[in-house]
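A.B. asks: Please see the structure below; I have some questions.
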Amino acid sequence: MTTVTHSTTTPARKYHIRTALFMSGYVAVNLAAILDAFDDMKSPATWVFSLVVAAPVVGQIWALLAWMRDSDEFVRGLAAKRFIAAAGLAMAIASAWGFMELYADAPHISAAMIYPLFWAAFGIVSPFIHTTR
Amino acid sequence: MKNRLKMLRAERNWTQDDLGKRVGVSRQAINALETEKHDPSLDLAYRLSIEFGLPVERIFENPHGRSSET
């Protein structure tokens with residue numbers, strides 16, 4: 001069904017605003033951690049803190065899916081194809097690296113890197129996907 | 001999907017943005033239809049049909065053969 005947006009704020013603008021807000025929080029909390037602001041924290045607070053750090057990532061994924069939901073069928077279809085291709089590429093790379101860690105002593109990389117890896121993959125696949133067919 | 005959108009739009013002096021607003025999609029969506037980068041949903045095809053006052057198959061070529069409308 002074609003979506004007709006009645007809001008004066010376009011879906012793309014909402015997405016940019018939401019992404020900026022979520023990523024600001026993400027950068028701020030990670031920057032504070034790098035600057036040793038949470039070094040004295042003990043379990044179980046560390047578990048809670050870890051989920052707090054992950055929350056903006058969940059929020060940003062929600063912002064992306066909300067943008068797709070509120071966009072018209074072409075934008076939604078194109079974004080969905082790119083999203084699927086990028087997720088597939090990111091999973092393939094993460095799986096390959098995981099096996100290299102297991103069997104070839106490759107250096108360990110945190111699973112948290114899957115999110116930046118996904119966006120890097122999104123950037124790589126997007127120029128090659130420009131139709132919804 | 002081959003179509004006559006660009007010609008029909010030009011006959012009415014509508015920009016892609018004008019047509020997009022009339023049928024509730026973005027200018028990019030109209031451009032993608034005209035350049036055959038997007039096949040419309042049935043819903044959008046009917047919206048365009050109403051906007052141009054033409055049956056769907058006078059706007060979009062049936063990719064599966066001839067129809068009684070053409």
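Please treat every number below as a calculation from the coordinates, not as lab data. None of the values given here were measured: they were computed from a predicted structure. Here Cβ is always computed from backbone atoms with ideal geometry, including for glycine, and neighbour counts include all displayed protein chains.
A.B. asks: Which one, B:Glu51, B:Glu11, B:Glu36, has the greatest fluctuation when you compute a Gaussian network model over chain B with C-alpha springs under 10 angstrom?
C.D. replies: Residue with maximal mean-square fluctuation among B:Glu51, B:Glu11, B:Glu36: B:Glu11.
A.B. asks: Please list, in order along region B:50-60, the HN-Hα scalar couplings obtained from phi with the Karplus expression 6.51 cos²θ - 1.76 cosθ + 1.60 (θ = phi - 60°), rounded to whole Hz, x for Gly and Pro.
C.D. replies: Calculated HN-Hα couplings, in order: 5, 5, 8, x, 10, x, 3, 7, 8, 9, 10 Hz.
A.B. asks: Pull up all non-local amide H partners of B:Asn3: gap of 5 or more, or a different chain, and H-to-H distance under 5 Å with H placed in the peptide plane.
C.D. replies: B:Glu61
A.B. asks: How big is chain B by the Kirkwood estimate over distinct Cα pairs, in Å? Show your work: numbers first, answer last.
C.D. replies: Details: mean 1/r = 0.0829 Å⁻¹.
Here the Kirkwood hydrodynamic radius works out to 12.1 Å.
A.B. asks: Calculate the mean, over all residues of peptide B:17-28, of how many other protein chain Cβ atoms lie within 10 angstrom of the residue's Cβ.
C.D. replies: Working: counts 0, 0, 0, 2, 1, 0, 3, 7, 9, 9, 1, 5.
Mean shielding count: 3.
A.B. asks: Oh, and also: For chain A, what log10 I(q)/I(0) values come out of the Debye formula at q = 0.11, 0.13, 0.15 1/Å, with one point per alpha carbon and no solvent?
C.D. replies: -0.54, -0.73, -0.91
A.B. asks: Still on this structure: Only Lys, Arg, Asp and Glu count, each charged at its Cβ (+1, +1, -1, -1), so figure out the dipole size of chain B about its Cα centre, rounded to 20 debye. Before the final figure, lay out the partial values.
C.D. replies: Numbers: 12 positive and 11 negative charges, 29 e Å.
Charge dipole of chain B: 140 debye, to the nearest 20.
A.B. asks: Please name whichever of B:Tyr46, B:Asn62, B:Ala32 sits farthest to the positive end of the charge dipole of chain B, dipole taken about the Cα centre and charges placed at Cβ: Lys and Arg +1, Asp and Glu -1.
C.D. replies: In chain B, that residue is B:Ala32.
A.B. asks: Which far-off residues, 5 or more places away or on another chain, put their amide H under 5 Å from the one on A:Met41, with H placed in the peptide plane?
C.D. replies: none
A.B. asks: Ordered by residue, what ³J(HN,Hα) values in Hz, to whole numbers, does region B:8-13 give under the Karplus form 6.51 cos²θ - 1.76 cosθ + 1.60, where θ = phi - 60° and Gly and Pro are x?
C.D. replies: 3J(HN,Hα) across region B:8-13, in whole Hz: 5, 5, 5, 4, 9, 6.
A.B. asks: Next question, about the same structure. Between A:Ala104, A:Ala66, A:Ala87, find the one with the highest GNM mean-square fluctuation for chain A; connect C-alpha pairs within less than 10 Å.
C.D. replies: Among A:Ala104, A:Ala66, A:Ala87, the largest mean-square fluctuation in the Gaussian network model of chain A belongs to A:Ala104.
A.B. asks: Send over the semi-axes of region A:9-71's equivalent ellipsoid, whole angstrom and largest first, taken as the square roots of 5 times the C-alpha gyration tensor eigenvalues. Please report the intermediate quantities before stating the final value.
C.D. replies: Details: eigenvalues 174, 29, 5 Å².
Working from the Cα gyration tensor, I get semi-axes of 30, 12, 5 Å.
A.B. asks: Enumerate lysine pairs in the protein assembly as shown that are 8 or more residues apart or on different chains, then count those whose Cα atoms are under 18 Å apart.
C.D. replies: On the way: A:Lys81/B:Lys37; B:Lys2/B:Lys37; B:Lys6/B:Lys21; B:Lys6/B:Lys37.
Here the count comes out as 4.
A.B. asks: State which helices in chain A qualify, where a helix is a whole DSSP H run, it must extend 18 Å or more along its own axis by its Cα atoms, and its mean Kyte-Doolittle hydropathy must be at least 0.0.
C.D. replies: In chain A, the long hydrophobic H runs are A:11-34, A:45-70, A:73-104.
A.B. asks: Please compute the Kirkwood hydrodynamic radius over region A:63-133, one decimal place, Å, based on all pairs of different Cα atoms.
C.D. replies: 13.4
A.B. asks: For region A:9-71, what's the relative contact order in percent, using C-alpha pairs closer than 8 Å and at least 6 residues apart? Mind dumping the intermediate values first?
C.D. replies: Values: 30 pairs, mean separation 38.9, N = 63.
It rounds to 62 percent for region A:9-71.
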